[in-house]
1. Of everything in region 1-59, what is of a type outside the set (A, V, I, L, M), without any contact (Cβ under 8 Å) to a residue 40 or more places away in the chain and either assigned to a loop (DSSP other than H, G, I, E, B) or over 29 Å from residue 101 (Cβ atoms) (or both)? Give them in sequence order.
2. List the number of the failed condition for residue 100; all other conditions in (1) within 15 Å of residue 35 (Cβ to Cβ); (2) out of contact with any helix residue (DSSP H, G or I) (no Cβ under 8 Å at 6 or more places or on another chain); (3) not hydrophobic (A, V, I, L, M, F, W, C) hold.
3. Can you say whether residue 102 is in a loop (DSSP other than H, G, I, E, B), in the same structural domain as residue 36 (by TED's automatic domain parsing) and closer than 30 Å to residue 189 by Cα, as far as the supplied structure shows?
4. I'd like to verify a number: residues in region 144-166 that are among the small types (Gly, Ala, Ser) and free of Cβ contacts under 8 Å to residues at least 12 places away in the same chain, how many?
5. Please work out if residue 122 is of a type in the set (S, T, N, Q), within 18 Å of residue 179 (Cβ to Cβ), out of contact with any strand residue (DSSP E or B) (no Cβ under 9 Å at 6 or more places or on another chain) and crowded, with 20+ Cβ neighbours inside 10 Å.
6. Residues in region 75-84: is at least one over 21 Å from residue 56 (Cβ atoms) and in a helix (DSSP H, G or I)?
7. From 46, 7, grab the single residue that is surrounded by 18 or more Cβ atoms within 10 Å (Cβ to Cβ) and under 21 Å from residue 189 (Cβ atoms).
8. Filter region 143-173 for residues that are under 16 Å from the mean Cα position of the chain (by Cα), under 14 Å from residue 10 (Cβ atoms) and hydrophobic (A, V, I, L, M, F, W, C) and give the result.
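The values are calculated or read from the model by the stated rules, or taken from the named source; none is laboratory data. Small disclaimer: the values here were computed from a predicted structure and weren't measured. Reconstructed Cβ throughout: ideal geometry from the backbone, glycine too, with neighbour counts over all protein chains shown.
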Amino acid sequence: MTKEELALQIVARLKEAYPDVDCTLEYDQAWKLLVSVRLAAQCTDARVNVVTKELYGKYPTQETLAGATAEEIEAIIRPCGLGNSKARDISACMKILQEEYGGKVPNTLKELLKLPGVGRKSANLILGDVFGQPAIVTDTHCIRLVNRMGLVDGVKEPKKVEMALWKLIPPEESNDFCHRLVEHGRAVCTARTKPYCEKCCVADLCAKRI
């Protein structure tokens, strides 16, 4: 079986197992997802969702958050870790959106990558979830699972994994595929325990049954 054939079968199996998927970060406006994905670095989505409720309680609009100092933002987001750098990036990012983009989050990878604290993973999440564009989000679940399944071979660098998956995953399936990997990685193909291969929907296809 070629990797292309393997990828299509895995896409179909995960789609059947996890038919309804979405981003687990809570947001109702594009700029809020931008804030949340920065906070999510080395932090759980659940904790981010708690912290952002407090953050938006004090700064409910993009304008008010752009007007806050990094120190004021850090005082609220500290539970997410890396408070100093995250607060600095969020403050700068909101100001740039106000001053250069008319308050709108850009909808191209090139423009998103210009924003402070936004890397390829975050940019792709925005493009996929907010703008409905094809997107490959190479988070830790994605990288771990596609290596185990044999879609990539010992590749750990996020951009290289992303580039490899673009060649294998149909564009229209890409964004949901990555969300399904997160669900599967949390429930079955876990990182901190032995994976539950006996209840895995792709066990017979997987290159590395552990």
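1. 2, 5, 19, 20, 26, 27, 28, 29, 43, 44, 59
2. (1)
3. The answer is no for residue 102.
4. 1
5. yes
6. No, every residue in region 75-84 fails to be over 21 Å from residue 56 (Cβ atoms) and in a helix (DSSP H, G or I).
7. On inspection, the qualifying residue turns out to be 7.
8. Within region 143-173, 145, 146, 165 meet the criteria.
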